[in-house]
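Undergrad: What follows is a structure written as structure tokens; I'll ask about it next.
The values are calculated or read from the model by the stated rules, or taken from the named source; none is laboratory data. Owing to the predicted nature of the structure, the values given are computational and were not obtained by experimental measurement. Don't worry about glycine lacking a Cβ; one is built from the backbone with ideal geometry, like all the others, and counts go over all protein chains shown.
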Amino acid sequence: MRHRYHSPLSRCVYLGKPTERMDRVAKVIAEGLGAVLDKVKPGITCDELAATWRSTTAKYGIEKDSHIGYPVGIGFPPTWGELTASMRAGDNTVLEEGMTFHCIPAIWLDTYGIVISESFVVTDRGAECFADYPRIPFAKH
């Protein structure tokens, strides 16, 4: 945080050796996140971004019906989110240049969850991520 502005970023760390299923789910999340970021441009709605996520992950049998992102910027307690839009089905908020979001399409399964996220600004060229960090989980053996 700097001057109350936020740029959240999530990656997972495995303690031990991840299972093949964990690796597969992480790859699906990264692919879905990439598809969402590729879709971002002024004029797109939050609903369209959520639909992009669902169509990408559905190819692999993974479903997540809850929101996958929210606006961030200058946050005040009790939350850093701005509570004005949500990347979810039915939210017809139109993206405009200069808006900032945290796309966090986490998958929560019975015994673990995997999170890979990005914060970005909407530009006339699409999404510009605030971080340049690999979209992979990390294993600590």
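Undergrad: Being over 15 Å from residue 106 (Cβ atoms), modelled with pLDDT under 95 and out of contact with any Ser or Thr (no Cβ under 8 Å at 6 or more places or on another chain) narrows it down to one residue among 74, 62; which is it? It would help to see each step written out before you state the result.
TA: On the way: 62 fails: over 15 Å from residue 106 (Cβ atoms).
So the residue among 74, 62 that is over 15 Å from residue 106 (Cβ atoms), modelled with pLDDT under 95 and out of contact with any Ser or Thr (no Cβ under 8 Å at 6 or more places or on another chain) is 74.
Undergrad: Next question, about the same structure. Residues 87, 22: which one is out of contact with any Asp or Glu (no Cβ under 7 Å at 6 or more places or on another chain), at pLDDT 95 or above, crowded, with 17+ Cβ neighbours inside 10 Å and among the aliphatic types (A, V, I, L, M)?
TA: Working: 22 fails: at pLDDT 95 or above.
When all the criteria are applied, what remains is 87.
Undergrad: While we're looking at this one, here's another question. Quick one: would you say residue 52 is in a helix (DSSP H, G or I), more than 27 Å from residue 17 (Cβ to Cβ), of a type in the set (Ser, Thr, Tyr) and under 15 Å from the mean Cα position of the chain (by Cα)? Give the derivation first.
TA: Working: in a helix (DSSP H, G or I): yes; more than 27 Å from residue 17 (Cβ to Cβ): yes; of a type in the set (Ser, Thr, Tyr): yes; under 15 Å from the mean Cα position of the chain (by Cα): yes.
Yes.
Undergrad: So, residue 71, is that one part of a loop (DSSP other than H, G, I, E, B) and surrounded by 14 or more Cβ atoms within 10 Å (Cβ to Cβ) or not?
TA: Details: part of a loop (DSSP other than H, G, I, E, B): no; surrounded by 14 or more Cβ atoms within 10 Å (Cβ to Cβ): yes.
For residue 71, the condition - part of a loop (DSSP other than H, G, I, E, B) and surrounded by 14 or more Cβ atoms within 10 Å (Cβ to Cβ) - is not met.
Undergrad: Residue 100 fails exactly one of the following numbered conditions: (1) free of Cβ contacts under 8 Å to residues at least 24 places away in the same chain; (2) among the polar types (S, T, N, Q); (3) farther than 29 Å from residue 19 by Cα. What is the number of that condition?
TA: With respect to (1) free of Cβ contacts under 8 Å to residues at least 24 places away in the same chain; (2) among the polar types (S, T, N, Q); (3) farther than 29 Å from residue 19 by Cα, residue 100 is out only on (1).
Undergrad: Okay, next question. Of all residues being assigned to a strand (DSSP E or B) and in contact with a Pro (Cβ under 7 Å, 6 or more places away or on another chain) in the range 122-141, which is modelled with the highest pLDDT? Just the residue, please.
TA: Looking at the filtered set, the residue picked out is 122.
Undergrad: Every residue in the range 124-141 that is among the acidic types (Asp, Glu) and exposed (fewer than 11 other Cβ atoms within 10 Å of the Cβ), please.
TA: Matches in the range 124-141: 124, 132.
Undergrad: Checking residue 56 against (1) over 23 Å from residue 136 (Cβ atoms); (2) buried (at least 17 other Cβ atoms within 10 Å of the Cβ); (3) polar (S, T, N, Q): exactly one of these is not met. Which one?
TA: (1)
Undergrad: Which one of the conditions (1) free of Cβ contacts under 8 Å to residues at least 12 places away in the same chain; (2) within 30 Å of residue 14 (Cβ to Cβ); (3) surrounded by 12 or more Cβ atoms within 10 Å (Cβ to Cβ); (4) not aromatic (Phe, Trp, Tyr) does residue 48 fail to meet, given that it meets all the rest?
TA: Of (1) free of Cβ contacts under 8 Å to residues at least 12 places away in the same chain; (2) within 30 Å of residue 14 (Cβ to Cβ); (3) surrounded by 12 or more Cβ atoms within 10 Å (Cβ to Cβ); (4) not aromatic (Phe, Trp, Tyr), only one is false for residue 48: (2).
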